[in-house]
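Asker: One structure is given below, represented as structure tokens, and several questions about it will come after.
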Amino acid sequence: MKIQIVFLFIVALTTTPVIAQNAEDSIEILLSKTPTYKNKIELLINASKKFQDTDLSKSLEYAFKALELSKNEYQKLGEIRALVRLSEYYLEIRDFRKAIDYAENSKRLALDNEFLSEIGNINSVLSKIYYALGDFAKSTSYDFENLEYFEKTKDQIGIGATLGNIGIDFYNQNNFDKALEYLNKSLEIAIKNNDSIGIAYQYNTIGGVYYEHYKDYEKSLFYFKEALKVNNYIKNQKQVAINKMNIASAFLMNKWVDSSLVYYLDARDFFETNNDNLLLAECNTGIGEYFYSIGNFEEAIKYTNLAFNISNSINAKENILLASDLLHKIYLSKKDTISAYKYHILASKISDSLGASKNLKELFLLEFQYNYDKIEKQRLIKTQQKNFIIGIIISSLISLILIIILIYLKLKIKAKSTILEKEKMEVKFNFKKKELVINLMALLKKNQMLDEISKKLKLIKNDALNKETKDAVIQISKEIQKSSDNKILKELAMQFQESHSEFYEKLLLKYPNLSQNDLKICAYLRLNMSTKEISELTGSRKLTVENARYRLRKKLGITNSETNLVTFLLQI
């Protein structure tokens, strides 16, 4: 009999509205009453989870609604959680490619925006995906990454849950001693932190290891019963039913058959009431095993057929295989070799199908790894290109700073304006015609640097001991001020005329009453400069520039306050 051993996943704790039982109507009502986008998104994600077992189309719809709302309202945290929900959804329907894509996207987004608190949940989902694919090594790697994260954040609950998941990974890699080591560590932490959910999970999982591998049914029964006590206490009814089904299996292996049936029937009632067909099928198979063990073949066939039919309806191949094997044994015991052979052939086909599915999973993993490596290589190339560009920029900045320092030193030693002018010419950039905006920014930066040099020269003047030095410094400062005030504006005008030769012609043709000052303001605005930038460039006050813009609007006949002046000029 198959024992239920499950992962314990770390879920982010958030305050979200409660969804009522009449789910779909109540969700729309709650959405209309929820004031913040954050809570609306959490409500949609919870709705998606609620419909996962009853209406997959609704589950997907609400997950996408949460993602769309997050993107529209720039809610990055909501976007991350919506992507995780979509990953969980596609894992549930076994679309592993989409499940991995959404999980990886959520992780990149979390890292880019430094939402490190979400990494644990994302890694848990990735671990679960690779666990489902049978890549237990990859699953373990994500769990160890999670363990490192939770140890850094000192999250004891997260550490305990992750240790338990690592134990399950080792169990599936047939390293049973390591599995028990990690599961017991997880249990110790759960008990220490009074983590009832963690305690119940690990009791059940440890019991499963003793049952499945060590065949120590008495010890497994002890752990299953301990798990049942805790789940009864915290009223986790589904886990109670799972624990009862596991206990029934242990009773059966210990030959306590009467007790076994009582627990099987209790569990079956819950699974049937809650439409949990997968577990209902497993439970019916267990009841079939019970009746087979006491020689009641008709009842054994009845319950095993129920398990077979349910499993077949939901395409649960592993459960179909279990039921087929049991029916084969039952019919052999009844000397019905034809029926026994029929189920033997069916079990062989299902086994082959599961093997083919495993091969497909392995092929998918290879394909995904190839695509992932290719994407990583492209990312590496882009990163190298970016670093190369950054290196060039840094080298250029260092070179520029060195040149300015040389100019400053020469000015300080020789104190001749002709040398300053010559050095300034050496640092000019040979800009292309269409790089006007970049030229402007460079010129503005140069102006700022010259102002700084002028200020430093004033300090030197104040500290100078003889008049000749003071006069020379004053002369240099005047030259710098004259250059910074006039030269930039002249260069800007020349470059603007070269790049926008038709602009002035069209502007004057349409509005002949514009003054020279108006034309300058038009040029600055055409370059998409702000009031502050124009003020800094021309040395005017911001209020003066604002008044000039206001007068210009009137001359251009712009009466609608919603019309953007820059946009208007760009259309000329």
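Taken together, the values in this text are just the output of simple stated rules run on the coordinates, not laboratory data. Keep in mind the model is a prediction, meaning the values are calculated, not measured. Heads up, the Cβs are rebuilt from the backbone with ideal geometry, glycines too, and the neighbour counts pull from every protein chain shown.
Asker: Rank-order 121-132, 92-103 by packing density, defined as the average count of other C-beta atoms within 10 Å over each peptide's residues, highest first. Please report the intermediate quantities before stating the final value.
Answerer: On the way: 121-132: 23.4, 92-103: 17.6.
Peptide ranking by packing, descending: 121-132, 92-103.
Asker: Here is a follow-up. If I model segment 82-176 as equal point scatterers sitting on the Cα atoms and use the Debye formula, what is log10 I(q)/I(0) at q = 0.17, 0.20, 0.23 Å⁻¹?
Answerer: Here the Debye-derived log intensity ratios amount to -0.71, -0.95, -1.17.
Asker: Hey, another quick one. Of Leu543, Leu228, Leu565, Leu147, how do they rank once you tally other Cβ atoms within 10 Å and put the fewest first? Walk me through the numbers on the way to the answer.
Answerer: Working: Leu543 10, Leu228 23, Leu565 16, Leu147 20.
In order of increasing Cβ crowding within 10 Å: Leu543, Leu565, Leu147, Leu228.
Asker: Something else about it: Rounded, prolate or oblate: pick one for segment 149-204, where a ≥ b ≥ c are the square roots of the eigenvalues of its C-alpha gyration tensor, a/c under 1.5 means rounded, and failing that, prolate if a/b is larger than b/c, else oblate.
Answerer: Working: a/c = 2.46, a/b = 1.42, b/c = 1.73.
The shape class here is oblate.
Asker: Expressed in nm to one decimal, what extension gain is obtained for the pair Ile394 and Glu452 from 0.36 nm per residue of sequence separation less their Cα-Cα distance?
Answerer: Here the segment from Ile394 to Glu452 would lengthen by 18.8 nm.
Asker: If you don't mind, another one. Can you give the Kirkwood hydrodynamic radius for segment 501-570, in Å, rounded to one decimal and based on Cα pairs?
Answerer: This gives a value of 12.4 Å.
Asker: Still on this structure, please answer the following. Between Gln385 and Ser540, what is the FRET efficiency for a Förster distance of 60 Å, r being their Cβ-Cβ separation, to the nearest 0.05?
Answerer: After rounding, the FRET efficiency stands at 0.90.
Asker: Are there any GluC sites (Glu not before Pro) in segment 277-331 that are in a DSSP loop and have at most 12 other Cβ atoms within 10 Å? List them by number. Show your work: numbers first, answer last.
Answerer: Numbers: sites: Glu282, Glu289, Glu298, Glu299, Glu318; in loops: none.
When the GluC sites (Glu not before Pro) of segment 277-331 are filtered for loop state and at most 12 Cβ neighbours within 10 Å, nothing remains.
Asker: For segment 126-237, what is one quarter of the convex hull surface built on the Cα atoms, given in nm²?
Answerer: 6.9
Asker: Right, here's the next one. List the trypsin sites (Lys or Arg not before Pro) within segment 192-298 that DSSP assigns to loop and that have no more than 16 neighbouring Cβ atoms inside 10 Å.
Answerer: Here the trypsin sites (Lys or Arg not before Pro) that fit, given the DSSP loop and packing criteria, are Lys215, Lys235, Lys255.
Asker: Which order do peptides 151-160, 509-518 fall in by mean Cβ count within 10 Å, highest first?
Answerer: Descending mean neighbour count gives 151-160, 509-518.
Asker: Moving on. Restricting the calculation to Cα positions, tell me the Rg (one decimal) and the Dmax (whole number) of segment 183-296 in Å.
Answerer: For segment 183-296, the Cα-based Rg and Dmax read 14.0, 47 Å.
Asker: Okay, next question. With bins 10 Å wide starting at 0, give me the P(r) of segment 245-342 over every alpha carbon pair, in whole percents.
Answerer: For segment 245-342, the binned pair fractions read 19, 49, 29, 3 percent.
Asker: Pop a pseudo-label 7 angstrom from the Cα along the beta-carbon direction at both Ser259 and Ile572 and give the gap in nm to one decimal.
Answerer: Computed distance between label sites Ser259 and Ile572 equals 9.5 nm.
Asker: Tell me, what HN-Hα J-couplings in whole Hz come from the Karplus equation 6.51 cos²θ - 1.76 cosθ + 1.60 at θ = phi - 60° for each residue of segment 44-49, using x for Gly and Pro?
Answerer: Rounded to whole hertz, the list is 5, 5, 5, 5, 4, 5.
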